[in-house]
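Worksheet: the structure to be examined is printed underneath.
Just so it is clear, none of the values below were taken in a lab; they were calculated from the coordinates. Please read these numbers as outputs of a predicted model, since none were measured by experiment. Note: ideal-geometry Cβ built from the backbone for every residue, glycine included; neighbour counts use all protein chains shown.
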């Protein structure tokens, strides 16, 4: 009986080009686009700041500052003329003007009225400005320390002493070591690891479209009624939907992982690696699948037409994705939105997948999310069964 | 085979079936006639276990319906009015699915599919997608699916809606062929000529009640009708037609029967005298109507159904 249902659902989905596009092509394309688009956000060696410098001081100190800027891999310098326009017009984000008398900053005896002047493009956000300010301050600090170290060395030399004092260093690598939680030393999260989980979650919930379309056609054409007269009970009917779509969902998960592992690197982004347990990955994907299928069946039994199903299903998907951190990462959300994100099952699935892909999670680590997703799926199915029975009783 | 006693079905306050009593014998093609809302579909739904009833008794194969629903369903099939199959599957995929879903053993299913395909002349289109079939072919596939469990009783709910006359005739012939396979057919339709053509017994239902039931022959015998059927020993149509031209109220039905408009004694005497003069031997005279349609209209126009 289940074999017949399995074959039927597979044949119907495989012949529905729109369903195939929604289930496989759309998330694969999203993974590719988002992995490439966010590639630089997760690459600290990549320039994120475009700037230009006008040096009006032409001092040793200003040259020293310029060399510090140029040594910073996060910043790319552009040339502008002295009568420069707005940063946007010059094709940069920031223009730093080193005023005449800048070197006086480094002398304790002279009045300090030579602050750097920074022109900022109007579309620069506060976090980006903060990043640039930190880089500038760090460079100025290094120039100052260089000056202090040089002065100390010269004093020792004038006294005919051999300098034994250790230089004061202001070097990031000597001051701190970065270690991402659960990752190996020197290992960094990549944009692919961030993107793949999001779009797997989103893609899995798109079973709403083919499932509800087929279910509503079955109801309208009286195929479900015919199946009832063939002793097909409600649990068998639902089971006949759950099992095939769960297999389709698993196929989706592994196709998306393959895209992350083998296709994304072809376009220059990092390949996906699975850091955590495969058992945890399977548990999360099965639980997420049950929750997506439960919601799909609930929508399918509630609405009355294919048009309603595709519209309402699509809207619910996008809302759950937006709330759940699929479209906008949760770490950029304000705290109340981060708390609100937890109402979306997509958020639970996403956290489960991030545990596996990013945090080297085990089965124990994802159990909370797995239980939540299974409960969501079961509750959705129970409500769907109630609505389905109510509708049948109303007709009967 | 099917025995319904005092069946009552209410939808809230509306009475759909009003203490209906009906018996359908094994091996018959039973026509269920009635205007829209008369209760035909409700009755078919109850007999298929899709609708619960409020009062009364229903037995199928001498088994109480409510207590033996699954067992009864295994021996019955419903062919709904809608095309209840998958347009995106081929003919054979549809047959395999609906057969597989019923847990029919593989060998039996293979045999049943062969029977369903042959009976409905679907052999040349097995690998064709259902969506590409013509209206008549789709109807035949709809019927073929109903044959997959080799049922003893087949319920047809207006199976010829929206198809051309040629396809309709093909389907009616298919349904008539079930009689030789000893199947019982319960057939609802709005097309009276179809019922006349294929049914052995007919029940006319109106406002949830059976208002007339019997064999087609007895149904067409109506004492209140203003017509008589004169049965004669078989003779040539030409001779009968020639005779009828001599009396305006006399018309030929077939080689053995004539219709006389009016039942007054002088009209009857005139017709008999004419036939005697033409050397046509009279066998019997009976009350009658010409068509089931006129009977249906006269019966159902007495009351309108509410449900």
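What does the structure give for A:8-16 when I average, per residue, the other chain Cβ atoms found within 10 Å of the residue Cβ? Before the final figure, lay out each step's value.
Details: counts 10, 1, 0, 6, 6, 1, 1, 4, 1.
Across the residues of A:8-16, the mean count of other-chain Cβ atoms within 10 Å is 3.
For the range B:156-287, treating each Cα as an identical point scatterer without solvent, what Debye log10 I(q)/I(0) comes out at q = 0.13, 0.21 1/Å?
Log10 of I(q)/I(0), two decimals: -0.74, -1.12.
Any chance you could run the full-extension gain for residue A:304 through residue A:117? It's 0.36 nm times the residue separation minus the Cα-Cα distance, nm to one decimal. Show your work: numbers first, answer last.
Working: separation 187, 0.36 × 187 = 67.32 nm, distance 6.41 nm.
Once the chain is fully extended between residue A:304 and residue A:117, it gains 60.9 nm.
Hey, fewest Cβ within 10 Å first, where do B:2, A:382, A:274 land in order?
Numbers: B:2 22, A:382 12, A:274 16.
So the residues, fewest neighbours to most, are A:382, A:274, B:2.
Please compute, for peptide B:65-76, the average count of beta-carbon atoms on other protein chains lying within 10 Å of each residue's beta-carbon.
1
From the Cα gyration tensor of the protein assembly as shown, with a ≥ b ≥ c the square roots of its eigenvalues, which class applies: rounded if a/c is under 1.5, or else prolate if a/b is larger than b/c, or else oblate? Write out the running numbers ahead of the final one.
Values: a/c = 4.23, a/b = 3.60, b/c = 1.18.
Prolate, since a/c reaches 1.5 and a/b exceeds b/c.
Mind checking the full-extension length gain between residue A:322 and residue A:379? Use 0.36 nm per residue of separation minus the Cα-Cα distance, one decimal, nm. Before the final figure, lay out the partial values.
Numbers: separation 57, 0.36 × 57 = 20.52 nm, distance 2.24 nm.
Stretched fully, the residue A:322-residue A:379 segment lengthens by 18.3 nm.
Kirkwood hydrodynamic radius of the range A:46-175 from all distinct Cα pairs, in Å? Show your work: numbers first, answer last.
Numbers: mean 1/r = 0.0619 Å⁻¹.
One over the average 1/r among Cα pairs gives 16.2 Å for the range A:46-175.
Have a look at the range B:119-215 and give its Rg and Dmax from the Cα atoms, expressed in angstrom.
14.4, 46
If I build a Gaussian network model for chain A, linking alpha-carbon pairs within less than 10 angstrom, which residue out of A:126, A:194, A:308 has the largest mean-square fluctuation?
For chain A, modelled as a Gaussian network with Cα springs under 10 Å, the answer is A:126.
Using only Cα atoms, figure out Rg for the range A:339-396 and give it as a multiple of 2.2 N^0.38 Å.
Details: Rg = 16.2 Å, N = 58, 2.2 N^0.38 = 10.3 Å.
Against the compact-globule rule of thumb, the ratio is 1.57.
What number do you get for chain A when its Cα radius of gyration is normalised by 2.2 N^0.38 Å, N = residues?
Details: Rg = 29.7 Å, N = 396, 2.2 N^0.38 = 21.4 Å.
Against the compact-globule rule of thumb, the ratio is 1.39.
What FRET efficiency, computed as 1/(1 + (r/R0)^6) with R0 = 22 Å and r the Cβ-Cβ distance, is obtained for residue A:60 and residue A:124, rounded to the nearest 0.05?
The value I calculate is 0.10.
Under the √(5λ) rule applied to the eigenvalues of the Cα gyration tensor, what semi-axes describe the equivalent ellipsoid of the range B:223-288? Give them in Å, descending.
On the way: eigenvalues 60, 30, 22 Å².
Output for the range B:223-288: semi-axes of 17, 12, 10 Å.
I'd like the per residue volume of the convex hull spanned by the Cα atoms of the range B:89-139, given in cubic angstrom. Write out the running numbers ahead of the final one.
Details: hull volume 3.6 nm³, N = 51.
Each residue corresponds to 70 Å³ of Cα convex hull volume.
For chain B, give me the percentage of DSSP beta bridges that are antiparallel, rounded to the nearest 5 percent. It would help to have the intermediate numbers written out before the result.
Numbers: 35 of 52 bridges.
Bridges in chain B are about 65 percent antiparallel.
Specify the angular offset, from 0 to 90 degrees and rounded to the nearest 10, of the alpha carbon long axis of helix A:278-302 from the longest principal axis of the alpha carbons in chain A.
Around 60 degrees separate the two axes.
Using only Cα atoms, tell me the angle between helix A:191-205 and the longest principal axis of chain A; keep it within 0 to 90° and round to the nearest 10.
On a 0 to 90 degree scale, this one is about 20.
Based only on other Cβ atoms within 10 Å, what is the fewest-to-most ordering of B:73, A:360, B:249?
Working: B:73 21, A:360 18, B:249 13.
If I rank by nearby Cβ atoms, fewest first, I get B:249, A:360, B:73.
In units of 2.2 N^0.38 Å, what is the alpha-carbon radius of gyration of the range A:255-396? Let's see the in-between values first.
Values: Rg = 17.5 Å, N = 142, 2.2 N^0.38 = 14.5 Å.
Here the Cα radius of gyration is 1.21 times the empirical estimate.
On a 0 to 90 degree scale, rounded to 10, what angle separates helix A:2-14 from the longest Cα axis of chain A?
50 degrees
So how compact is the range B:88-174: Cα radius of gyration and Dmax in angstrom?
12.4, 37
If you restrict to DSSP beta bridges whose two residues both lie in the protein assembly as shown, what percentage is antiparallel, to the nearest 5? Please list the in-between numbers first.
Numbers: 39 of 65 bridges.
About 60 percent, rounded to the nearest 5.
Tally the DSSP beta bridges in chain A and give the antiparallel ones as a percent, rounded to 5. Mind dumping the intermediate values first?
Values: 4 of 13 bridges.
Percentage antiparallel, nearest 5: 30.
Starting with the fewest neighbours, write out A:390, B:191 ranked by other beta-carbon atoms found within 10 Å of each beta-carbon.
Numbers: A:390 11, B:191 15.
Ranked by crowding around the Cβ, least crowded first: A:390, B:191.
By what distance, in whole Å, do the Cα atoms of the range A:223-272 stretch along each of the three principal axes, largest value first?
Projected onto the principal axes, the Cα atoms of the range A:223-272 cover 57, 16, 9 Å.
Mind jotting down a quarter of the surface of the convex hull over the alpha carbons of the range B:1-65, in square nanometres, one decimal?
Details: hull surface 17.2 nm².
Across all orientations, the range B:1-65 yields a mean hull projection of 4.3 nm².
Taking the alpha-carbon set of chain B, what are its Rg and Dmax in Å?
In Å, with Rg to one decimal and Dmax whole: 22.6, 70.
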